[in-house]
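A short write-up of the structure that comes next.
The values are calculated or read from the model by the stated rules, or taken from the named source; none is laboratory data. What you see is a predicted model; the values in this text were computed from it and never measured. Here Cβ is always computed from backbone atoms with ideal geometry, including for glycine, and neighbour counts include all displayed protein chains. SASA here: full protein model, heavy atoms, side chains in, ligands and nucleic acids out. Shrake-Rupley method; radii C 1.70, N 1.55, O 1.52, S 1.80 Å.
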Amino acid sequence: MRADAEPGVASILVGDLNIAPYEEDVWSHKQLLKVVSHTPIETEGLIRILNEGNWRDLVRHHIPLPQKLYTWWSYRAKDWDGADKGRRLDHVWGSDGLPAMVRDVRVLREARGWDRPSDHVPILVTLDA
């Protein structure tokens, strides 16, 4: 299995990577530094894989830092929407040429409020052909 984007080949890596790499990807950076999904060893490792693999974070390319962005809210929160204690655990990465092709990115936050929802919400990335 390749961990890097193959040069000259348009590639997309999509998944629930269970790591929120940036401070703005969690509701409280300080409170989550020792919580699985946002510890320094995880965040530094994920950013290293992103950079060394020549991947581009297509979601953050379109919704740049410092904007807060979440794709996951715990089932334990009674009022997940009001508390808004989310994390961005789901990622869409692309090879080098793809960021210029991103037309739109939508995080379907409202899906978290549907009947019997997942704790993760869908991310839609629209690319120009």
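Ignoring ligands, DNA and RNA, what accessible area per residue does the chain give at 1.4 Å, in Å²?
Accessible surface, normalised per residue, equals 61 Å².
Return a whole-number percent for the relative contact order of the range 1-45, with Cα pairs under 8 Å and 6 or more residues apart as the contact set.
So the answer I get is 32 percent.
Match the structure shown to one of the listed values (i) 14.9, 47; (ii) 14.0, 41; (iii) 15.9, 58 of Rg and Dmax of the Cα atoms in Å, computed from it, and give that label.
Here the calculated entry is (i).
Do any trypsin sites (Lys or Arg not before Pro) in the range 1-44 lie in a DSSP loop with no more than 13 other beta carbon atoms within 10 Å, and if so, which?
Arg2, Lys34
Tell me which trypsin sites (Lys or Arg not before Pro) from the range 50-129 have a DSSP coil assignment and no more than 15 other beta carbons within 10 Å of their own.
Those satisfying the criteria are Lys68, Arg76, Lys78.
Restrict the search to the range 65-94; then list the chymotrypsin sites (Phe, Trp or Tyr not before Pro) that DSSP places in a loop and that have at most 13 other Cβ atoms within 10 Å of their Cβ.
Tyr75
What do you get for the angle between helix 40-52 and the principal long axis of the chain? Use alpha-carbon atoms, 0 to 90 degrees, nearest ten.
20
Could you work out what % of the accessible surface of the range 12-127 is carbon and sulfur, using a 1.4 angstrom probe and leaving DNA, RNA and ligands out of the count?
53
Note down the nm distance, to one decimal, between modelled labels 7 Å out along Cα→Cβ at Val14 and at Ser28.
It works out to 3.4 nm between the two label points.
If I ignore ligands, DNA and RNA and count only protein heavy atoms, how much of Val102 is accessible to a 1.4 Å probe, in Å² to the nearest 10?
The value for Val102 is about 20 Å².
Determine the relative contact order of the chain: mean sequence separation of Cα pairs under 8 Å and six or more apart, normalised by residue count, in whole percent.
RCO, the chain: 30 percent.
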